[in-house]
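Peer 1: Sharing a structure here in structure tokens format.
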Amino acid sequence: MAERLLIGALKGGKNTKIVTLNGKKMTKMPSTLAKLPGLKTLDLYNNLIPKACPEISALTQLTVLNLGSNLLEEVPEEMKYLTSLKTLHLFRNRICRFAPGACDGLQNLILLNLNNNRLTQLPREINRLKSLKLLNINHNQLTSIPRELCFLEHLSELHSNYNQLICIPEEIKFLKKLQKLFLVRNNIEVLPEGICDLKKLRILDIAGNIIQIFPPGFQNLKLREFYCEDNPLFLKRPFVAEQREVIWSLKEITSRFVMNELAKNNPILMDAIEQYPEVRNIISEGKNCAICGKFFLTIWLECVHFVPPSKNWKISKNLQLVPLRVLLCSYKCFNQRDPEIFGISQE
Ligand SMILES: [Zn+2]
């Protein structure tokens with residue numbers, strides 16, 4: 001039947017630019033497609049197609065392919081021949097994997113819509129989609145985002161609502177053009193500090209996760225819209241931290257000494273440290289105290305600093321104050337803290 005439907009299109013011969021065959025109950029792609037090498041748009045939305053046909057590889061001029069609402073179980077390998085493709089709709093299929101090599105030729109793809117599928121992970125090869133600006137992966141079963149995704153330098157919108165993400169890679173900071181990030185209804189507990197480096201980010205929606213506190217610097221994001229309903233955010237109330245002085249390990253004492261002397265440009269230590277890469281490794285994990293600015297390694301007091309959200313943010317009604325994570329080096333600093341900083345009880 002599909003072949004018959006294409007006869008009309010074929011009358012236009014090699015000049016045919018658009019083929020639309022929606023809702024025709026087609027169970028396979030028409031192999032006659034190979035005779036339309038100049039085709040620009042192929043719309044096979046809402047059929048019963050379980051896989052791509054090999055003939056599609058002739059469509060090297062194709063810029064738009066809609067295979068939404070079909071029965072595909074994988075992102076077809078044949079996609080790699082569609083080197084002009086800019087828009088690829090694969091939403092509402094049964095896709096649970098990418099065929100090997102599927103991403104190889106898609107260096108011009110701008111929009112990839114994989115909403116409503118069964119993906120549990122994205123392949124590392126996603127980084128071959130060099131031109132990608134919009135990625136829709138809502139309503140899948142993703143538990144993680146590969147760090148390779150963070151190297152798509154043109155990505156401006158990532159829609160990953162209704163997945164099972166636990167965390168976001170720190171490398172998200174490399175998505176310098178990201179403007180919209182949607183992470184509604186996942187299982188995210190902590191946002192990476194790298195999110196604070198996203199200078200172009202304007203819309204962030206993290207409603208329905210398990211976030212209690214935001215990374216330091218979060219309040220400086222230039223957001224226009226920020227939604228965070230249904231998260232167990234820390235609310236401002238006097239926390240009573242159990243004040244029990246911890247005995248520092250020798251490693252902690254030494255590391256603090258070394259890090260703080262290096263910060264003062266102590267010439268003897270600066271020379272010596274060159275000889276000890278393992279020490280450099282250890283102290284690279286050091287963090288700053290939010291009160292005194294000195295360094296510490298593994299022993300700190302976790303506190304929450306409540307800051308008013310930026311006036312330019314359009315925000316969720318539940319958010320009067322943004323709880324930010326701050327770390328202090330000692331009880332000495334804890335006792336000198338800003339009145340807006342509260343200890344977090346660890347029990
Ligand atoms: Zn301190």
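The values are calculated or read from the model by the stated rules, or taken from the named source; none is laboratory data. Remember, predicted model here, so these are calculated numbers, not experimental data. Here Cβ is always computed from backbone atoms with ideal geometry, including for glycine, and neighbour counts include all displayed protein chains. Accessible surface is based on the protein model in full, side chains and every heavy atom, while ligands, DNA and RNA are left aside. Shrake-Rupley method; radii C 1.70, N 1.55, O 1.52, S 1.80 Å.
Peer 1: Hey, can you tell me all the residues within region 89-119 that are over 19 Å from the mean Cα position of the chain (by Cα) and not in a loop (DSSP other than H, G, I, E, B)?
Peer 2: Selection gives HIS89 alone.
Peer 1: Pick from LYS173, LYS177: which is part of a helix (DSSP H, G or I) and on the phi < 0 side of the Ramachandran plot? Give the steps one after another, and end with the answer.
Peer 2: Details: LYS177 fails: part of a helix (DSSP H, G or I).
Only one candidate passes the filter, namely LYS173.
Peer 1: Taking only pairs six or more apart or across chains, which ones have beta-carbon atoms under 7 Å, a first residue in region 325-336 that is touching a residue at least 40 places away in the same chain (Cβ under 8 Å), and a second residue that is of a type in the set (Val, Ile, Thr) and within 8 Å of the ligand (Cβ to nearest atom)?
Peer 2: Partner pairs satisfying both residue conditions: CYS333/ILE291; GLN336/ILE291.
Peer 1: Please pick out the residue among ASN260, ASN266, ASN288, ASN312 that is among the polar types (S, T, N, Q), at pLDDT 90 or above and within 29 Å of the chain's Cα centre (by Cα). Give the steps one after another, and end with the answer.
Peer 2: Numbers: ASN260 fails: within 29 Å of the chain's Cα centre (by Cα); ASN266 fails: within 29 Å of the chain's Cα centre (by Cα); ASN312 fails: at pLDDT 90 or above.
Result: ASN288 is the single residue among ASN260, ASN266, ASN288, ASN312 that is among the polar types (S, T, N, Q), at pLDDT 90 or above and within 29 Å of the chain's Cα centre (by Cα).
Peer 1: Let me ask something else. Quick check on this structure: which one of ILE291, ILE299, ILE315, ILE341 is within 16 Å of the ligand (Cβ to nearest atom), closer than 16 Å to PHE218 by Cα and of a type in the set (A, V, I, L, M)? Step through it out loud before you land on a result.
Peer 2: Numbers: ILE291 fails: closer than 16 Å to PHE218 by Cα; ILE299 fails: closer than 16 Å to PHE218 by Cα; ILE315 fails: within 16 Å of the ligand (Cβ to nearest atom).
Exactly one of ILE291, ILE299, ILE315, ILE341 is within 16 Å of the ligand (Cβ to nearest atom), closer than 16 Å to PHE218 by Cα and of a type in the set (A, V, I, L, M), namely ILE341.
Peer 1: Pull up region 39-88, narrow it to residues that are of a type in the set (D, E, K, R) and under 27 Å from the mean Cα position of the chain (by Cα), then point me to the one that is surrounded by the fewest Cβ atoms within 10 Å (Cβ to Cβ). Reasoning before the result, please.
Peer 2: Going residue by residue through region 39-88, those that are of a type in the set (D, E, K, R) are 40, 43, 51, 55, 73-74, 77-78, 80, 86.
Those left that are additionally under 27 Å from the mean Cα position of the chain (by Cα): 73-74, 77-78, 80, 86.
On the way: GLU73: 15, GLU74: 20, GLU77: 18, GLU78: 20, LYS80: 19, LYS86: 17.
Filtering region 39-88 for residues that are of a type in the set (D, E, K, R) and under 27 Å from the mean Cα position of the chain (by Cα), the one surrounded by the fewest Cβ atoms within 10 Å (Cβ to Cβ) comes out as GLU73.
Peer 1: Could you tell me whether SER160 is assigned by TED's automatic domain parsing to the domain that holds LEU90, of a type outside the set (Val, Ile, Thr) and open to solvent by less than 10 Å² (accessible area, probe 1.4 Å)?
Peer 2: On the way: assigned by TED's automatic domain parsing to the domain that holds LEU90: yes; of a type outside the set (Val, Ile, Thr): yes; open to solvent by less than 10 Å² (accessible area, probe 1.4 Å): yes.
For SER160, the condition - assigned by TED's automatic domain parsing to the domain that holds LEU90, of a type outside the set (Val, Ile, Thr) and open to solvent by less than 10 Å² (accessible area, probe 1.4 Å) - is met.
Peer 1: Got at least one residue in region 249-268 being touching a helix residue (DSSP H, G or I) at 6+ places or on another chain (Cβ under 7 Å), within 16 Å of the ligand (Cβ to nearest atom) and within 30 Å of ILE206 (Cβ to Cβ)?
Peer 2: no
Peer 1: Keeping to region 191-234, report how many residues are open to solvent by less than 10 Å² (accessible area, probe 1.4 Å), closer than 22 Å to SER144 by Cβ, out of contact with any helix residue (DSSP H, G or I) (no Cβ under 9 Å at 6 or more places or on another chain) and touching a residue at least 40 places away in the same chain (Cβ under 8 Å).
Peer 2: Counting residues in region 191-234 that are open to solvent by less than 10 Å² (accessible area, probe 1.4 Å), closer than 22 Å to SER144 by Cβ, out of contact with any helix residue (DSSP H, G or I) (no Cβ under 9 Å at 6 or more places or on another chain) and touching a residue at least 40 places away in the same chain (Cβ under 8 Å) gives 1.
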